[in-house]
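Visitor: Here's a structure for you.
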Amino acid sequence: MNKPVVLVVEDDVPVRNLMCTTLKTHEYKFLTAADGAEALLLASSHNPDVVFLDLGLPDMDGIDVIRRIRDWSNMPIIVISARSEDTDKIEALDAGADDYLTKPFSVEELLARLRVTVRRLSLMNGANSADSAVYLNGKLKIDYSAGCAWLDGQELKLTPIEYKLLCLLARNTGKVLTHTFITQKIWGRSWDNDVASLRVFMVNLRKKLESAPDSPQYIQTHIGIGYRMLKVE
Ligand code: CA
């Protein structure tokens with residue numbers, strides 16, 4: 001796809017300038033907003049491909065901006081949080097954000113997040129969409145209608161929960177899914193011991209999926225937050 005149009009929502013001028021300079025240097029098109037009202041206006045009038053959204057805005061909570069955008073659009077939203085607490089990120093992800101960046105962040109981190117999101121966009125727009133019956137990612141193949149998964153042509157011997165987990169992550173490739181979101185989808189609830197069992201299921205799924213479970217290629221861990229399926233080239 002062409003270089004995506006990025007909406008930068010940030011009231012902190014030095015941070016916004018750094019982001020804009022970086023985007024300009026790498027030939028991304030971008031728009032900027034300094035508060036939530038302007039962000040919502042630009043999001044609806046310009047329909048950007050990606051939104052970088054600061055959570056601490058002068059006029060409204062960034063979480064509400066996410067909820068308002070999610071009422072009508074799935075555009076990827078990467079939240080920027082100055083607060084190091086995981087709870088803000090988790091709340092933002094559960095409200096529909098795709099990813100997060102913690103201040104202070106480097107130019108490399110910003111560009112890396114953008115690249116992950118652009119890959120997710122091309123996946124969403126391509127034949128391999130969430131509705132497609134067959135999922136392909138690197139050496140991983142899932143046939144949703146047959147209920148089977150293969151790695152490099154070998155069928156994966158997965159338990160029903162491992163398969164459900166794999167499908168949930170695959171259908172949300174590129175997006176960070178929180179522990180709460182995953183346990184709700186898998187068990188219909190999210191108790192402390194469900195999060196503990198999720199870790200155990202994830203260890204077992206990775207043993208089957210990853211050639212090097214200590215440096216996973218497919219499923220990324222976000223400590224204290226959740227997991228994400230990466231698009232593998
Ligand atoms: Ca701010």
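The values are calculated or read from the model by the stated rules, or taken from the named source; none is laboratory data. All figures in this text were calculated on a predicted structure; none of them were measured in a lab. Cβ coordinates were reconstructed from backbone atoms using ideal geometry, including for glycine residues, and neighbour counts include every protein chain displayed. Heavy atoms of the whole protein, side chains included, go into the accessibility calculation; ligands, DNA and RNA do not. Shrake-Rupley method; radii C 1.70, N 1.55, O 1.52, S 1.80 Å.
Visitor: Out of everything in region 133-172 that is in contact (Cβ under 8 Å) with a residue 40 or more places away in the chain and assigned to a loop (DSSP other than H, G, I, E, B), what residue ends up being nearest to Arg228 (Cα to Cα)?
Guide: Of all residues in region 133-172, those in contact (Cβ under 8 Å) with a residue 40 or more places away in the chain come to 137-140, 151, 156-159, 161-162, 165-166, 169-172.
Narrowing further to those that are assigned to a loop (DSSP other than H, G, I, E, B): 138-139, 156-159, 172.
Details: Gly138: 15, Lys139: 17, Leu156: 20, Lys157: 21, Leu158: 19, Thr159: 20, Asn172: 8 Å.
Filtering first and then ranking leaves Asn172.
Visitor: Within region 41-65, can you find the residues that are away from the ligand (no atom under 16 Å from the Cβ) and among the hydrophobic types (A, V, I, L, M, F, W, C)?
Guide: Passing the criteria: Leu41, Leu42, Ala43, Val50.
Visitor: Here's another thing I want to ask about it. If you check Arg83 against the conditions, is it surrounded by fewer than 17 Cβ atoms within 10 Å (Cβ to Cβ), at pLDDT 95 or above and not aliphatic (A, V, I, L, M)?
Guide: no
Visitor: Now for a separate question. I'm checking my understanding of the structure. Among residues of region 114-137 that are open to solvent by less than 50 Å² (accessible area, probe 1.4 Å) and modelled with pLDDT of 85 or more, which one is farthest from the chain's Cα centre (by Cα)?
Guide: Among those that are open to solvent by less than 50 Å² (accessible area, probe 1.4 Å) and modelled with pLDDT of 85 or more, it is Tyr135.
Visitor: Among residues belonging to region 76-93 that are part of a helix (DSSP H, G or I) and within 14 Å of the ligand (Cβ to nearest atom), point out the one that is farthest from Lys175 (Cα to Cα).
Guide: Filtering region 76-93 for residues that are part of a helix (DSSP H, G or I) and within 14 Å of the ligand (Cβ to nearest atom), the one farthest from Lys175 (Cα to Cα) comes out as Asp88.
Visitor: Looking at region 202-233, which of its residues are surrounded by fewer than 17 Cβ atoms within 10 Å (Cβ to Cβ), in a helix (DSSP H, G or I) and in contact (Cβ under 8 Å) with a residue 40 or more places away in the chain?
Guide: Those that are surrounded by fewer than 17 Cβ atoms within 10 Å (Cβ to Cβ), in a helix (DSSP H, G or I) and in contact (Cβ under 8 Å) with a residue 40 or more places away in the chain: Asn204, Lys208.
Visitor: For region 160-178, check the following and say yes or no: at least one residue is surrounded by fewer than 14 Cβ atoms within 10 Å (Cβ to Cβ), at pLDDT below 90 and not β-branched (Val, Ile, Thr).
Guide: Scanning region 160-178, I find no residue that is surrounded by fewer than 14 Cβ atoms within 10 Å (Cβ to Cβ), at pLDDT below 90 and not β-branched (Val, Ile, Thr), so the answer is no.
Visitor: For region 25-75, which positions are assigned to a helix (DSSP H, G or I) and over 19 Å from the mean Cα position of the chain (by Cα)?
Guide: Thr25, Gly36, Ala37, Glu38, Ala39, Leu40, Leu41, Leu42, Ser44, Ser45, His46 - these are the residues of region 25-75 that are assigned to a helix (DSSP H, G or I) and over 19 Å from the mean Cα position of the chain (by Cα).
Visitor: Output yes when any residue across region 95-102 is aromatic (Phe, Trp, Tyr), in contact with a Lys or Arg (Cβ under 6 Å, 6 or more places away or on another chain) and within 15 Å of the ligand (Cβ to nearest atom), and no when none is.
Guide: Within region 95-102, one or more residues are aromatic (Phe, Trp, Tyr), in contact with a Lys or Arg (Cβ under 6 Å, 6 or more places away or on another chain) and within 15 Å of the ligand (Cβ to nearest atom).
Visitor: Same structure, new question: Counting only residues that are open to solvent by 50 Å² or more (accessible area, probe 1.4 Å) and either within 14 Å of Cys167 (Cα to Cα) or of a type in the set (Ser, Thr, Tyr) (or both), how many does region 183-201 have?
Guide: 2
Visitor: If Ala97 passes every condition in (1) open to solvent by 10 Å² or more (accessible area, probe 1.4 Å); (2) part of a loop (DSSP other than H, G, I, E, B) but one, which one does it miss?
Guide: (1)
Visitor: When you scan region 31-39, do you find a residue that is closer than 28 Å to Ser122 by Cβ, within 14 Å of the ligand (Cβ to nearest atom), touching a Leu at 6+ places or on another chain (Cβ under 8 Å) and open to solvent by 10 Å² or more (accessible area, probe 1.4 Å), even just one? Explain how you work it out, then say what you get.
Guide: Just the residues of region 31-39 that are closer than 28 Å to Ser122 by Cβ, to begin with: 31-33, 39.
Filter once more, keeping what is within 14 Å of the ligand (Cβ to nearest atom): 32-33, 39.
Restricting the remaining residues to those that are touching a Leu at 6+ places or on another chain (Cβ under 8 Å) gives 32-33, 39.
Imposing the further condition that a residue be open to solvent by 10 Å² or more (accessible area, probe 1.4 Å) reduces the set to 32.
Scanning region 31-39 turns up at least one residue that is closer than 28 Å to Ser122 by Cβ, within 14 Å of the ligand (Cβ to nearest atom), touching a Leu at 6+ places or on another chain (Cβ under 8 Å) and open to solvent by 10 Å² or more (accessible area, probe 1.4 Å).
Visitor: Let me ask something else about it. Across region 58-74, what is the total count of residues that are within 20 Å of Arg120 (Cβ to Cβ) and open to solvent by 10 Å² or more (accessible area, probe 1.4 Å)?
Guide: Of the residues in that region, 4 qualify.
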